[in-house]
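Have a look at the structure below before the remarks.
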Amino acid sequence: MTDSTAERFDWASPEINAHLRKRKRSQFYLKSLGLGAIAIAFSALALLVGSLISTGYPAFTQTHLVVEAEIDPDLMDPDNPRDGDFRQLARDIVTNRVIDGADTDNTDRLTDILSNRAQFTLRDMVVANPDLIGETVDVELPVADRYDQLYKGFVNQNTPEDIRRLSDREIEIFDQLVDGGYVAKPFNWDLFKNADSRFPEVAGLKGAIIGSAYALLVCFVLSFPVGIGAAIYLEEFAPKNRISDLIEININNLAAVPSVVFGLLGLAVFIGWFGLPRSVPFVGGMTLALMTLPTIIIATRAAIKSVPPSIREAALGVGASKQQVVFGHVLPLAMPGILTGTIIGLAQALGETAPLLLIGMNAFITSAPSTPFDSATALPTQIFIWADSPERGFVSRTSAAILVLLTFLITMNAIAIFLRQKFERKW
Amino acid sequence: MTLVAFLILFSAVIIGYVLNLRAARALRDGGARMHSLDGFHGGYAALMVLVPTFFLIIFWLLFESYIIELLVMAAIPPEELLEKGVGEIQLIMSEIRSIAGGRVFGEPAEWKMNAGEWLETLNDLSGLFLAALTAALAALMLYIARRRVAADFRARQGLERIVHRIMVGCAIVAIFVTVGIVASLSFETFRFFQMVPFWDFILGTSWEPQIPIREEQIAAEGAFGMVPVFLGTIVIATVAMVIATPIGLLSAIYLHEFANARVRAVVKPVLEILAGVPTVVYGFFAILVIAPALRNFGAGFGIPLESNTALAAGGVMGIMLIPFISSFADDALGAVPRSLRDGSLAVGATSAETVAKVLFPAAIPGIVGGILLAVSRAIGETMIVVMAAGLIARMTINPLDSVTTVTVQIVTLLIGDTAFDNPKTLSAFALGMVLFLMTLMINIAALRIVRKYREIYD
């Protein structure tokens with residue numbers, strides 16, 4: 001036994017060493033491939049966020065003409081200021097500031113510096129306060145998109161004049177205004193105060209944000225109670241038979257049905273059969289509720305399941321009825337989990353676009369909805385509309401709208417994580 | 001008036017609760033031995049009022065506009081509606097509605113003005129009726145509930161019976177969603193197949209849904225063959241899966257086997273962010289960054305590329321699916337029993353060999369299930385392809401071509417003009433039916449594989 005040295009395996013032989021190196025090398029390869037895969041995913045995310053921020057940040061400021069304007073009494077009737085010639089007033093405001101523009105063959109060119117909406121801003125100001133007529137007031141008027149791009153440095157002045165959106169002369173006139181100190185770039189509050197517009201310089205998200213809020217509210221009011229009711233029934237009361245099996249399979253499948261199919265359902269049933277109006281947040285919210293329902297049911301069932309049976313048995317033991325156990329003990333203990341799941345479901349619903357497109361929430365609507373039954377857009381559909389618009393200014397508006405949407409989503413998810421960590425118990 | 005109805009409902013519920021609570025308390029104070037606590041008597045009355053009245057209001061609101069519309073149509077002189085399509089009648093109705101709303105454009109015909117007035121009257125009447133009916137029903141239920149208060153009335157059991165039924169109703173709603181999807185899709189699909197032969201749709205190789213909507217419009221006669229649309233869907237989904245599967249699997253393997261807890265704590269949430277980004281954002285990302293980059297890249301090699309190639313849309317979709325696959329694979333690897341792993345390491349295998357030769361094969365069913373679910377996602381994904389893929393259906397499998405998908409066609413066919421009376425609109429529902437059935441089959445297969453696999457080790 002002891003003299004069988006010839007049969008001893010030589011662990012240090014060159015062949016074994018080579019084999020071991022090969023094995024270690026393949027370990028290294030697999031590890032690097034994994035790291036590479038994660039790096040690709042990370043760089044995709046970085047590219048996504050980076051491109052959105054770099055194109056979106058200019059939209060958070062807006063170039064304005066900040067001037068003292070005399071509200072010329074000749075242009076309007078103090079008894080009926082609404083019919084005044086505010087177009088002329090806006091024109092005068094620009095013309096008076098341009099030292100060398102009076103000789104311009106075309107005064108329209110001067111008016112074009114201001115946004116098309118500037119005259120209405122002036123009108124609304126005067127109508128709200130007719131005492132201003134004849135006075136000199138400080139006004140802040142948005143300039144047109146082309147000049148906004150110019151002031152933000154997105155117009156390359158080296159490109160030939162005929163393919164540039166602004167002629168040399170137009171740039172020269174605008175530079176006079178800049179030199180006169182009349183141009184400023186304050187934070188773009190209009191982005192949150194205005195509804196949609198054809199002119200990018202005054203288009204805002206107010207209508208979309210309110211529309212989304214109404215739709216989410218309707219979605220929550222419908223899906224939260226129904227989802228919890230269904231989950232409690234399935235988890236605590238339903239007999240284990242074929243029917244409850246079927247309901248379970250059905251709910252799991254519903255969670256994986258493409259969202260556009262829910263849009264078809266909403267369109268055919270709510271609008272086609274019940275004759276509800278198109279484009280309204282109420283119908284949008286109902287459609288989203290159908291989508292969110294399975295998410296809430298699944299989350300609620302998981303939360304209820306995680307409450308230990310000892311709680312139920314203790315309550316039953318002191319004489320509580322089955323429903324008293326559920327509503328008095330299990331449900332309150334499961335609530336943090338349920339709320340977390342619900343918020344995550346609502347965050348998904350907030351970002352959902354396709355079903356809202358099908359029920360017409362991509363209409364062009366220039367006023368914010370005042371009830372859930374008024375036509376409106378939602379944030380994601382507004383992003384879709386702007387992404388489709390050809391004007392240069394809408395590119396950065398789209399990115400800005402996406403950043404706003406992502407901010408809402410991150411906030412909602414942060415609340416969900418906070419709830420989970422603060423209140424969820426480990427048994 | 002709807003608000004009034006809800007206010008009536010709300011106050012009746014409170015009144016019912018208080019009335020029965022006090023009646024029960026009075027009985028108890030009078031020395032009766034009550035079966036149920038006072039609160040159950042109150043709760044019983046509240047639910048007795050709430051449930052039927054609430055359903056009355058909901059049903060009224062759902063069918064109100066439909067019935068009013070029928071009544072208005074009946075009042076319109078029939079000769080005005082002769083030989084008019086559904087679309088035209090819808091236009092007339094919306095004009096009448098805006099007249100009733102006080103927005104009169106131009107000088108509408110006399111009968112339209114009358115119909116507008118009639119609509120307004122009906123709307124007012126309907127509101128009044130609703131409020132009156134709500135009040136009557138609530139009062140009736142209040143009376144019935146109040147009559148039942150007695151020492152031996154089992155109010156708790158009564159209350160729990162109602163609550164139980166409400167919960168069953170909630171569970172049935174979940175079924176009704178599926179029933180609703182199937183019913184609405186089959187109904188419209190059936191109407192579509194009355195206009196377009198079934199086999200032309202299933203086997204046709206030409207998809208040109210632009211049919212003339214009005215008589216004078218000049219357009220080609222539509223062709224509704226779903227094969228090229230379907231092919232485009234498969235091309236884009238394949239591109240997405242080719243990108244998402246290796247990256248997702250490799251990152252799951254790294255996270256599961258090589259990464260320490262700290263790396264996992266950073267990487268997993270970041271991947272979850274990727275999964276939480278709305279698809280409309282990915283769509284914009286595709287047209288803003290990826291498509292121009294691809295075009296420049298192609299131009300560098302002398303290949304002229306369109307801006308809406310299958311590669312751009314599929315690539316971005318692949319990025320979206322990475323976290324989906326990686327989390328499924330991570331779960332599947334984690335579900336393999338520890339003993340298998342320990343055994344492999346104990347006989348001297350490296351961790352790479354353990355993953356590749358022991359854990360991965362054992363986790364394959366779970367991983368396949370996850371990949372199938374990702375495929376179903378890729379097929380049903382809408383916004384990325386609506387924004388970044390093409391509109392024209394082509395018989396091609398070249399990912400550098402522009403192709404269209406089922407979801408793109410559904411959305412473009414239904415945006416804007418949607419009267420449910422022409423094959424163009426209805427074909428969207430037929431496509432939706434195909435999409436629903438396809439994803440349903442893939443989902444069922446995936447869930448079954450995942451479930452079966454779990455049972456092996458449990």
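Go through segment B:402-412 and give me each residue that's buried (at least 18 other Cβ atoms within 10 Å of the Cβ) and not hydrophobic (A, V, I, L, M, F, W, C). Matches in segment B:402-412: B:SER402, B:THR404, B:THR405, B:THR407, B:GLN409.
Given the conditions (1) of a type outside the set (S, T, N, Q); (2) crowded, with 24+ Cβ neighbours inside 10 Å; (3) more than 26 Å from B:GLY232 (Cβ to Cβ); (4) within 14 Å of another protein chain (Cβ to nearest Cβ), and given that B:ILE367 satisfies all but one, which numbered condition is not satisfied? Against the list (1) of a type outside the set (S, T, N, Q); (2) crowded, with 24+ Cβ neighbours inside 10 Å; (3) more than 26 Å from B:GLY232 (Cβ to Cβ); (4) within 14 Å of another protein chain (Cβ to nearest Cβ), B:ILE367 comes up short only on (4). Just wondering, is there one or more residues in segment A:302-319 that are within 36 Å of the chain's Cα centre (by Cα), within 11 Å of chain B (Cβ to nearest Cβ) and crowded, with 21+ Cβ neighbours inside 10 Å? Checked against the condition, which is being within 36 Å of the chain's Cα centre (by Cα), within 11 Å of chain B (Cβ to nearest Cβ) and crowded, with 21+ Cβ neighbours inside 10 Å, segment A:302-319 yields no hits at all. Would you say B:VAL235 is under 27 Å from the mean Cα position of the chain (by Cα), facing chain A (nearest Cβ under 8 Å), part of a helix (DSSP H, G or I) and hydrophobic (A, V, I, L, M, F, W, C)? Spelling it out, it is not the case that B:VAL235 is under 27 Å from the mean Cα position of the chain (by Cα), facing chain A (nearest Cβ under 8 Å), part of a helix (DSSP H, G or I) and hydrophobic (A, V, I, L, M, F, W, C). The set of residues in segment B:398-413 being within 14 Å of B:VAL227 (Cα to Cα) and either out of contact with any helix residue (DSSP H, G or I) (no Cβ under 9 Å at 6 or more places or on another chain) or part of a loop (DSSP other than H, G, I, E, B) (or both) consists of B:VAL403, B:THR404, B:THR405. Residues of segment B:282-330 being among the polar types (S, T, N, Q), more than 10 Å from chain A (Cβ to nearest Cβ) and farther than 16 Å from B:VAL235 by Cα, which ones? Those that are among the polar types (S, T, N, Q), more than 10 Å from chain A (Cβ to nearest Cβ) and farther than 16 Å from B:VAL235 by Cα: B:ASN296, B:SER307, B:SER327. Scanning segment B:89-129 for residues that are surrounded by fewer than 16 Cβ atoms within 10 Å (Cβ to Cβ) and not in a helix (DSSP H, G or I) yields a total of 8.
Taking every residue in segment B:184-204 that is within 14 Å of B:THR425 (Cα to Cα) and more than 10 Å from chain A (Cβ to nearest Cβ) and pairing it with any residue that is at pLDDT below 85 and part of a helix (DSSP H, G or I), at least 6 positions away or on another chain, the pairs with Cβ-Cβ distances below 7 Å are B:PHE192/B:PRO423; B:MET195/B:PRO423; B:VAL196/B:PRO423. Being in a helix (DSSP H, G or I), in contact (Cβ under 8 Å) with a residue 60 or more places away in the chain and either more than 9 Å from chain B (Cβ to nearest Cβ) or loosely packed, with under 11 Cβ neighbours inside 10 Å (or both) holds for only one residue in A:ALA69, A:ALA18, A:ALA59, A:ALA46, and it is A:ALA59. Restricting attention to segment B:130-162, the residues that are buried (at least 19 other Cβ atoms within 10 Å of the Cβ) and not small (Gly, Ala, Ser) add up to 10.
Does any residue of segment B:47-56 turn out to be within 26 Å of B:ILE166 (Cα to Cα) and more than 31 Å from the chain's Cα centre (by Cα)? Yes, the conditions are met somewhere in segment B:47-56.
Exactly one residue among B:THR279, B:THR309 is polar (S, T, N, Q), within 26 Å of A:ALA44 (Cα to Cα) and over 22 Å from the mean Cα position of the chain (by Cα), and that residue is B:THR309. Only one of the numbered conditions (1) among the aliphatic types (A, V, I, L, M); (2) in a helix (DSSP H, G or I); (3) surrounded by 17 or more Cβ atoms within 10 Å (Cβ to Cβ) is not met by B:LEU340, and that is (3). Here A:PHE394 meets the list (1) of a type in the set (Phe, Trp, Tyr); (2) facing another protein chain (nearest Cβ under 9 Å); (3) buried (at least 19 other Cβ atoms within 10 Å of the Cβ) almost entirely, failing just condition (2).
On the stretch given as segment A:271-298, residues that are away from chain B (no Cβ under 11 Å), surrounded by fewer than 24 Cβ atoms within 10 Å (Cβ to Cβ) and in a helix (DSSP H, G or I) total 1. In the set (1) outside any helix (DSSP H, G or I); (2) within 25 Å of the chain's Cα centre (by Cα), the condition left unmet by B:MET395 is number (2). The set of residues in segment A:236-270 being more than 7 Å from chain B (Cβ to nearest Cβ), out of contact with any Ser or Thr (no Cβ under 8 Å at 6 or more places or on another chain) and in a helix (DSSP H, G or I) consists of A:GLU236, A:ARG242, A:ILE243, A:SER244, A:ASP245, A:LEU246, A:GLU248, A:ILE249.
Rundown of residues vs (1) of a type in the set (D, E, K, R); (2) in a helix (DSSP H, G or I); (3) crowded, with 18+ Cβ neighbours inside 10 Å, yes/no style:
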site	(1), (2), (3)
B:ARG22	yes, yes, no
B:ARG28	yes, yes, no
B:GLY31	no, no, no
B:GLY42	no, yes, yes
B:LEU47	no, yes, yes
B:LEU56	no, yes, yes
B:GLU79	yes, yes, no
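From the residues in segment A:247-264 that are within 20 Å of A:TYR214 (Cα to Cα) and not polar (S, T, N, Q), which one is surrounded by the most Cβ atoms within 10 Å (Cβ to Cβ)? Taking the candidates together, the pick is A:GLY263.
Listed by first and then second residue, the pairs with beta-carbon distance under 7 Å, at least 6 apart or on different chains, first residue in segment A:343-372 and charged (D, E, K, R), second buried (at least 23 other Cβ atoms within 10 Å of the Cβ) and part of a helix (DSSP H, G or I), are A:GLU352/A:SER259; A:GLU352/A:LEU288; A:GLU352/A:MET291; A:GLU352/A:PRO380.
The values are calculated or read from the model by the stated rules, or taken from the named source; none is laboratory data. Bear in mind that the values here come from a model prediction, so they are computed numbers and not experimental data. Cβ atoms come from the backbone with ideal geometry, glycine included; neighbour counts cover every protein chain shown.
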